Amino acid sequence: MSEMIKRTELPDEVRSKIDNVLKAAGDAHRQVDLVQEEILSLNAWNLLPEPKLGWEFYSNIIPRDNMIFFRDTNQFDKALHWLDITRKSYGSTKERPDQVIEFYAATIYFEMGRYDDAFAIFDWQYKKWKTLPFKGADKKYLDFYLRKKAKRS
């Protein structure tokens, strides 16, 4: 289990502002306005008071969602930046990896074409939990893992 960061509830006024910005980002997402979605998502992060990683819920959800957004829009430098923040937020380290966050890392590496890095993460997860980490994810990740695993056998 990852080391937990002590978190505090946001003041109601700040939480309300962030919720409104995140709702607008969700609306932009549904309208496939990626530019506006990115602007709003980053604005939500900027509304978090320092320390950014000290807040209940928002310190996890905003970096994680930004990481996924940048992965899905092939902005990999930005995805890696948000992966780093997300790892810090969740306390995921090499010594104590968070399974969910590291699965996201593997998907970023896969999408970047860093297949050996993706495989290494998928492999330790598969060895420990079989297909469980892949549930709900795009089937291409499990297919990739199983194909590459079979070639190595």
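The values are calculated or read from the model by the stated rules, or taken from the named source; none is laboratory data. As the structure is a prediction and not an experimental result, all values here were calculated from the model. No Cβ is skipped: glycine too gets one built from the backbone with ideal geometry, and neighbour counts run over all protein chains shown. SASA here: full protein model, heavy atoms, side chains in, ligands and nucleic acids out. Shrake-Rupley method; radii C 1.70, N 1.55, O 1.52, S 1.80 Å.
Build a GNM of the chain with springs between Cα atoms under 10 Å apart, and of 132, 22, 142 the one that fluctuates most is 132.
Here the contact order of the stretch 103-149, divided by its residue count and restricted to Cα pairs under 8 Å and six or more residues apart, works out to 32 percent. For the residue pairs 23/94; 88/140; 6/140, the alpha carbons lie more than 32 Å apart in 23/94; 6/140. Relative to its Kirkwood radius, the Cα radius of gyration of the stretch 76-153 gives an Rg/Rh of 0.96.
Within the P(r) computed for the chain, what percentage of the Cα pairs occupies the region above 23 Å?
Taking all Cα-Cα pairs of the chain, the fraction more than 23 Å apart is 42 percent.
A viscosity of 1.567 mPa s and a temperature of 4 °C, combined with the Kirkwood radius over Cα pairs in Stokes-Einstein, give a translational diffusion coefficient for the stretch 52-107 of 117 µm²/s.
Would you kindly state how much longer the chain becomes between residue 143 and residue 12 on full extension, computed as 0.36 nm times their sequence separation minus their alpha carbon distance, in nm to one decimal?
Working: separation 131, 0.36 × 131 = 47.16 nm, distance 4.47 nm.
Value of the extension gain: 42.7 nm.
Charging the Cβ of each Asp and Glu at -1 and of each Lys and Arg at +1, and nothing else, the dipole of the chain about its Cα centre rounds to 980 debye.
Calculate what fraction, in whole %, of the accessible area of the stretch 1-129 sits on carbon and sulfur atoms when a 1.4 Å probe is rolled over the protein chains. The nonpolar share, carbon plus sulfur, comes to 54 percent.
Shown here for the stretch 40-115: trypsin sites (Lys or Arg not before Pro) in loop regions (DSSP other than H, G, I, E, B) with at most 13 other Cβ atoms within 10 Å, namely 94.
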